[in-house]
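What follows is a set of notes on a single structure, which appears directly below.
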Amino acid sequence: MCKVYAFILLLAVFVVAESHGYKGKRKGGKGGKGSHHYFNVSENALFTWEQAEGYLECEEFLDVPDFDQATKEKLADNFDERGYFRKQPKPRPLEKCCSDWECAPSLNSTSPGCGFQTRTLYRGNWVTTHLDLTGKDAFSQAIRRLHKYRRGEANSLKEYLGKARPVMRKWYLDANYNITSATMSFYIPSPYQRDPPASLDKDVKVEQWGEVDTYIRAWGGSRDVAGYWPQSGQEFEYLSTALSKVDIKWYPYVRMTGSYVGRKELLLLSKDITVTPITGKNPDHKFENE
């Protein structure tokens, strides 16, 4: 038992250190709102865990380790208002994330149970590229392609479009719930939502997503921690368990993760998202990478 608690302590120290190193300012960049890439972690102390996560956590997902007093004091920020120990840092509240950045339009509603937030993601235009699941640089390569579109290097207007959140990753599962493919998407900022520019990269698609109800768990730690991963991570197990407790059905073959500054989310969907390709402005062009 001592070894288990020692492991929990080491894990907590690691994720807290990782999170508290996540501050500073991004150099350069355009666009006023959203130009600061980081945030002051101490501001999270102003919010309860329920406020930060957006829901009341289920007690069966929580733990009360038998730490000595010195350890409890050292890890005080990881104990919530009910006295439960949290193994990850407190996520930044969604409203704070969206006060610094434009966010994709959505509406939160009261969830009928613990352990998740219910949110309607409204119809909107996104720019999407594939994730090469066989490559070790899949995330960085996808982000570079999307940034080129956002910056104007690979959109038909040759204009900087601005920044918006979240960055969405969509994971497609087969009948055995193994991941078969994945995509990464940026929300197109509001000045270009009605008529977004076309992509000049054949690997980057502009598309409209239909409205969908989503069920969400918030995550304050690093995306590299195993619990966050969409195929084997414990957080998706918690989410599906919480939904099952209140008889909510979800679409089983898509899982999504969303990233804000200081906040990550895991999403299950009420149905598959309807995706409609958009040609965009100035459709008569050749792809630059053909």
(Q) Give the residue list of GluC sites (Glu not before Pro) in region 51-111 that are DSSP loop and have at most 15 other beta-carbon atoms within 10 angstrom. (A) GLU81
Q) Size of the dipole of region 38-103 about the Cα centre, Lys and Arg at +1 and Asp and Glu at -1 on the beta carbon, nothing else charged, in debye to 20? A) 220 debye
Q) Volume per residue, Å³, of the convex hull around the alpha-carbon atoms of region 109-252? A) 131 Å³
Q.
Which residues does the label zone of ASP174 cover in region 239-265, counting backbone N under 19 Å from a point 7 Å along Cα→Cβ?
A. 252-255
Q) Which of the listed residues, THR128, THR118, ASN108, is farthest toward the dipole's positive end in region 79-151, when Lys, Arg count +1 and Asp, Glu count -1 at the beta-carbon? A) THR128
Q) Residues with amide H under 5 Å of GLU102's amide H, sequence separation 5 or more or different chain, H placed in the peptide plane at 1.01 Å from N; which? A) ARG165
Q: At 7 Å along the Cα-to-beta-carbon direction for both GLN193 and LEU62, put a label point, then send me their distance in nm to one decimal.
A: 3.6 nm
(Q) Nothing charged except the Cβ atoms of Lys and Arg (+1) and of Asp and Glu (-1): what's the magnitude of the dipole of region 89-156 about its Cα centre? Round to the nearest 20 debye. (A) 60 debye
Q) Based on the Cβ-Cβ distance from LYS136 to ASP272, what FRET efficiency comes out when R0 is 30 Å, to the nearest 0.05? A) 0.55
Q | Residues ASP203 and LYS72, FRET efficiency given R0 of 41 Å [Cβ-Cβ distance, rounded to 0.05] | A | 0.25
(Q) Given axes a ≥ b ≥ c from the Cα gyration tensor, I'd like to know whether region 228-280 is rounded (a/c under 1.5), prolate (a/b larger than b/c) or oblate. (A) oblate
(Q) For a test of the definition: using alpha carbon positions, the gyration tensor, and the 1.5 limit on a/c, classify region 102-167 as rounded, prolate or oblate. (A) oblate
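Throughout, read-outs are computed from the coordinates displayed, never taken from laboratory work. Everything numeric in this text was worked out from a predicted model, so none of it was measured. A quick note on method: Cβ atoms are made from the backbone with ideal geometry, for glycine too, and the neighbour counts reach across all protein chains shown.
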